[in-house]
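Colleague: My questions all concern the structure below.
The values are calculated or read from the model by the stated rules, or taken from the named source; none is laboratory data. Worth saying up front: this structure is predicted, and the values here are computed from it rather than measured. Don't worry about glycine lacking a Cβ; one is built from the backbone with ideal geometry, like all the others, and counts go over all protein chains shown.
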Amino acid sequence: MDSQLLLSGFIFGLSMASVYFLMSIGLSLCFGLMRIISLDQLLYYAVGAYLTYTVSTASGNVWLGVLAGVAISGTLALLVERFVFRRIYERELTFSMITSFGILIGGVGVIKAIWGVVPRPVRMPTSDLINVLGTEVPLYRLLVVAIAGLVYLGIWVFLNKTIIGKAIRAGIEDVEHVEGLGINVSRLFTITFVIAGAMSGLAGGLHAPLIMVDPNMGLEVLAFVFMVVIIGGLGSIKGTLISSLIVGQVVSIGSLIYAPLAMMAPFAIMLLILLVKPTGLYGSTMVKK
Amino acid sequence: MVNAIKWWWGILLAFGLLAAGRLFLPLPFINEVLIFSIYTIGCSFLLGRVGFISFGQPAYLAFGAYGTAFYLFYFGTNPYLAILAGVACGFIGACIVGPLFVRLRSDYFALVNLALAVIVFYMMQKVLAEYTKGDNGLWFLTNIASTPILNIGKSSDFFIFATLVAIGVWALYKYLDDTLFGACCLATKINEAKFQFLGYSNFKVRLIAFVIANTTTALAGSLYAVYLGSVSPEVTAAARTADPVVVTILGGVGTLFGPLVGTIAYTALRDVLSKFIGNWELFVGFILVFIMLAGEKGLWGSAAPWLERLFSRGKSADSKAEGQR
Amino acid sequence: MSESSLMVSNLNVAYGESKVLFDVSFEVAPKQIVCCVGRNGAGKTTLLKSVAGFLKPLSGEVTAGGDNLLGRRPYDVARMGIKYVPQDKKVFSDLTVRENLELGSYATKDYNWDTVFEFFPKLKILLDRKAGFLSGGERQMLMIGRATLGKPRVMLIDEPTEGLAPSIVTHLKQVFGELSKSAALVIVEQNLPLVCSIAHKVYAMRDGRIAAELQGGALKPVDCEPYL
């Protein structure tokens, strides 16, 4: 195969991995700390994308749009946490799954009401091509990867160097114990949930120029995000990073070889991994509540 | 004889009422309700009795629908055989993925099923487009041969057939509930470890329940295929995964008639709302959230205990009402 | 009449449908060491957890120095100076000893670790080790040391000497003696000799009820046994 094609496929895979990673981190953290499955993260992704569309078409600046997307998604997440999730933390997993699913489809309905069902295009902030090792590669995709990389660093610093981050890591191990020390875990939950929502919004905002923004975009990317999360194992940041890289490349290079493979390969990998390790690569065997 | 009546009267009453509805409700509505409620009861059983929610029921619906469609499009014209073919496809499909899926934790289970539904959609739409005609779908209405006694190609006869099938399905699930198997399902849901210590296999029970539930779903798919006369990938679209979940919760999880009540409410709501509002889906989502926050009992789940008390007040010796929480 | 550090009256607790504590009442005076003994399943851990706020009782009263504890979140209870040290020597294994202590300081706003190191000098050496690599005794020292931050008025300690070497048990005995100069201690224990040597008061529990209240001082293990 042509090495130029391979390289641009690789970059494409990295940019897909970046989007998946940003979304999966939120899901993983929410599960690890709060033991909930937050399917509504897919809604914040769509909201981020739509806000990016609206603000960028109005102001002409796509980055401003992305910022708006992140801000609104985070705010929305804050409201949802306050009014819905706070009541249901004690319940079993399926409960949060069903409830968050309701929020997701309800939210998609609202999006349809506000913006309509017609897909919208979002202008790329830069259409420049950059020469990497002899291949012309879209600068924007490289920027997406760079931003995701920065976010990963930021999360790492937050979790390992700040006291709240350490409290969250401790909470992922044993939240009751953290509470017993005298730490307000409700606030930890809120902070984590808002971070997750903001990152999902960022994923949507960054992804928007690469695809058409449409109301069902959250549902369309749902399967991939969850394949990433399941392969990596819910609750593990490292696992999420690795599996998003894997799935990103499989989707990208797979579609170069044989298009339908792009869809099926991650699924096959997921099934194989689950056969051997039913909790994913780095997942924890959580005792079912 | 008395025991038989006692056992059957609920089911017969429910479907009797529905059949009576034929007099003043549109036929398509009733047919849709019948098929959809069969679709839902599998999902409800899985969630209520085994404790697993699946976001991928459209996959099994598609197994049944496409199985039937292939038969009618390529092989024969007998709709009964076609339905059998569809059910067989569903059964085989469930047996293949079942052993892997039921070993997973509840959240992985839900999402793996979702991934399956997406894969099946993609396969039907693109990969196997040569056989499935992709988005255009398979059309075989004219292929359906007339059958003696009931010509299920015709809507009005189909209605009778579907009602009989539904009664059969409900009888099956009521029977399951009453047997040791039903108790086993509940046991694996409530306390896995204890069930294992008693010497039972969580895996076997879950697998059997999974296969039964999804074969039922495939049956619904087969019925859809015969009823509509065509099948397209739409039937398994990602957006449609919500339907059985919402109906299950709306009706009341794990109750015998929850799926029926939920289906009637949901279909009615959809038909009425979509006339006035383009995206009634947002109501569906928020209704789901509301029900979950308000106690997750659903329509029938809330009504049933109340009705039970109403009837047992007549029986003087019955202290059922007191024993409840 | 000085206010009791901790007073529990007629506490009834259930896990779902099964009741585990029946009308439990006990009282702890300031700077007193009270021990709770009983077989496995008698309800000792449930009792501590209910006082700390992790379980919602069906009925009863729990007050500390006049402040009501019932209905409060566990972190609230901890902030009021009632610290719960659970059994199983669970520390945050992914964090270092230093970070474990930092969390304790963050919660109590007490950044002075001098007393902690006075009680457990070994912790100073282990500061940068990941808590997951500590031995059982070291973990217990970390848990108790961390709980002393913020100068609690009551410490609820669940089976601290379980599985520990005798030398460490002796060390802990000393620590408890020192601690009780400023705080009331409620210690759940199976180690009867230890209990008899440090307790001012002993409650024996059986099947979810207080079977006996015994005065410390000249107590011997045989005296407790009939009530277990």
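Colleague: Which condition from (1) in contact with a Phe, Trp or Tyr (Cβ under 8 Å, 6 or more places away or on another chain); (2) crowded, with 23+ Cβ neighbours inside 10 Å; (3) assigned to a helix (DSSP H, G or I) is the one that A:Arg169 breaks?
Modeller: (2)
Colleague: Among the residues of the range A:221-238, which ones are part of a helix (DSSP H, G or I) and more than 13 Å from chain B (Cβ to nearest Cβ)?
Modeller: A:Ile237, A:Lys238
Colleague: Do you know which of the residues in the range A:189-220 that are in a helix (DSSP H, G or I) and farther than 20 Å from A:Ile72 by Cα is farthest from the other protein chains (Cβ to nearest Cβ)?
Modeller: A:Leu210
Colleague: Something else: Only one of (1) part of a loop (DSSP other than H, G, I, E, B); (2) away from chain A (no Cβ under 14 Å) is not met by B:Ala220, so which one is it?
Modeller: (1)
Colleague: Here is a follow-up. Any idea how many residues of the range C:11-38 are surrounded by 14 or more Cβ atoms within 10 Å (Cβ to Cβ), out of contact with any helix residue (DSSP H, G or I) (no Cβ under 8 Å at 6 or more places or on another chain) and not aliphatic (A, V, I, L, M)?
Modeller: Total meeting the criteria: 8.
Colleague: Let me ask something else. Can you pull out every residue in the range A:152-171 that is more than 8 Å from every other protein chain (Cβ to nearest Cβ) and of a type in the set (A, V, I, L, M, F, W, C)?
Modeller: A:Leu153, A:Ile155, A:Trp156, A:Val157, A:Phe158, A:Leu159, A:Ile164, A:Ile168
Colleague: Could you please find all residues in the range B:212-256 being crowded, with 24+ Cβ neighbours inside 10 Å and aromatic (Phe, Trp, Tyr)?
Modeller: B:Tyr224
Colleague: For the range A:90-133, enumerate the residues that are facing chain B (nearest Cβ under 7 Å), in contact (Cβ under 8 Å) with a residue 40 or more places away in the chain and of a type in the set (Ser, Thr, Tyr).
Modeller: Within the range A:90-133, no residue meets the criteria.
Colleague: Tell me whether the range B:186-199 contains one or more residues that are farther than 27 Å from B:Gly229 by Cα, assigned to a helix (DSSP H, G or I) and hydroxyl-bearing (Ser, Thr, Tyr).
Modeller: yes
Colleague: Can you tell me which of A:Thr99, A:Thr57, A:Thr52 is assigned to a helix (DSSP H, G or I), surrounded by fewer than 21 Cβ atoms within 10 Å (Cβ to Cβ) and not small (Gly, Ala, Ser)?
Modeller: Exactly one of A:Thr99, A:Thr57, A:Thr52 is assigned to a helix (DSSP H, G or I), surrounded by fewer than 21 Cβ atoms within 10 Å (Cβ to Cβ) and not small (Gly, Ala, Ser), namely A:Thr57.
Colleague: Which is farther than 24 Å from A:Val80 by Cβ, outside any helix (DSSP H, G or I) and among the aliphatic types (A, V, I, L, M), of A:Leu281, A:Leu241?
Modeller: Of the residues listed, the single one that is farther than 24 Å from A:Val80 by Cβ, outside any helix (DSSP H, G or I) and among the aliphatic types (A, V, I, L, M) is A:Leu281.
Colleague: Here's another thing I want to ask about it. Conditions first: (1) more than 29 Å from C:Leu194 (Cβ to Cβ); (2) away from chain A (no Cβ under 14 Å); (3) at pLDDT below 90. C:Asn40 passes all but one, so which condition is the exception?
Modeller: Condition (1) is where C:Asn40 drops out.
Colleague: Quick one: how many residues across the range C:155-197 are in a helix (DSSP H, G or I), within 14 Å of the chain's Cα centre (by Cα) and among the hydrophobic types (A, V, I, L, M, F, W, C)?
Modeller: Residues in the range C:155-197 being in a helix (DSSP H, G or I), within 14 Å of the chain's Cα centre (by Cα) and among the hydrophobic types (A, V, I, L, M, F, W, C): 5 in total.
Colleague: Of everything in the range C:70-84, what is more than 8 Å from chain A (Cβ to nearest Cβ), at pLDDT 90 or above and out of contact with any Lys or Arg (no Cβ under 6 Å at 6 or more places or on another chain)? Give them in sequence order.
Modeller: Of everything in the range C:70-84, those that are more than 8 Å from chain A (Cβ to nearest Cβ), at pLDDT 90 or above and out of contact with any Lys or Arg (no Cβ under 6 Å at 6 or more places or on another chain) turn out to be C:Arg72, C:Asp76, C:Val77, C:Met80, C:Ile82.
Colleague: Looking only at the range A:146-162, filter to residues that are surrounded by fewer than 20 Cβ atoms within 10 Å (Cβ to Cβ) and in contact with a Leu (Cβ under 7 Å, 6 or more places away or on another chain); which one of those is nearest to C:Arg98 (Cα to Cα)?
Modeller: A:Tyr152
Colleague: So, in the range C:95-132, of the ones that are touching a residue at least 40 places away in the same chain (Cβ under 8 Å) and more than 12 Å from every other protein chain (Cβ to nearest Cβ), which residue ends up surrounded by the fewest Cβ atoms within 10 Å (Cβ to Cβ)?
Modeller: That would be C:Phe119.
Colleague: Okay, moving on. Looking at B:Leu256, B:Leu260, B:Leu282, B:Leu273 in this structure, which one is in a helix (DSSP H, G or I) and away from chain A (no Cβ under 13 Å)?
Modeller: B:Leu260
Colleague: Another question, then. Filter the range B:95-111 down to the residues that are assigned to a helix (DSSP H, G or I) and more than 7 Å from every other protein chain (Cβ to nearest Cβ) and list them by number.
Modeller: Residues satisfying the conditions are B:Cys95, B:Ile96, B:Val97, B:Gly98, B:Pro99, B:Phe101, B:Phe109.
Colleague: Any idea which of A:Leu271, A:Leu245, A:Leu261, A:Leu241 is over 23 Å from A:Arg35 (Cβ atoms), away from chain B (no Cβ under 12 Å) and out of contact with any strand residue (DSSP E or B) (no Cβ under 6 Å at 6 or more places or on another chain)?
Modeller: Going through A:Leu271, A:Leu245, A:Leu261, A:Leu241 in turn, the sole match is A:Leu245.
Colleague: Return the residues of the range A:1-27 that are farther than 18 Å from A:Val228 by Cβ and touching a helix residue (DSSP H, G or I) at 6+ places or on another chain (Cβ under 8 Å); say none if nothing qualifies.
Modeller: The answer is A:Met1, A:Leu5, A:Leu6, A:Gly9, A:Ile11.
Colleague: Related question: Would the range B:259-267 turn up any residue that is farther than 23 Å from A:Leu222 by Cβ, in contact with a helix residue (DSSP H, G or I) (Cβ under 9 Å, 6 or more places away or on another chain), of a type in the set (Ser, Thr, Tyr) and modelled with pLDDT of 85 or more?
Modeller: For the range B:259-267, residues farther than 23 Å from A:Leu222 by Cβ, in contact with a helix residue (DSSP H, G or I) (Cβ under 9 Å, 6 or more places away or on another chain), of a type in the set (Ser, Thr, Tyr) and modelled with pLDDT of 85 or more: present.
Colleague: I'm told C:Ala78 meets every condition in (1) out of contact with any Phe, Trp or Tyr (no Cβ under 8 Å at 6 or more places or on another chain); (2) buried (at least 22 other Cβ atoms within 10 Å of the Cβ); (3) under 19 Å from A:Ser186 (Cβ atoms) except one. Can you identify the failing condition by its number?
Modeller: (1)
Colleague: Right, here's the next one. Of the residues A:Leu27, A:Leu64, which single one is out of contact with any Leu (no Cβ under 6 Å at 6 or more places or on another chain) and free of Cβ contacts under 8 Å to residues at least 24 places away in the same chain?
Modeller: A:Leu64
Colleague: In addition: Consider B:Ile92 against the criteria (1) facing chain A (nearest Cβ under 9 Å); (2) in a helix (DSSP H, G or I); (3) not aromatic (Phe, Trp, Tyr): it satisfies all of them except one. Which criterion is unmet?
Modeller: Every listed condition holds for B:Ile92 apart from (1).
Colleague: Any residue in the range B:145-167 that is in contact (Cβ under 8 Å) with a residue 60 or more places away in the chain, closer than 25 Å to B:Ser54 by Cα and β-branched (Val, Ile, Thr)?
Modeller: Looking for residues that are in contact (Cβ under 8 Å) with a residue 60 or more places away in the chain, closer than 25 Å to B:Ser54 by Cα and β-branched (Val, Ile, Thr), one finds at least one in the range B:145-167, hence yes.
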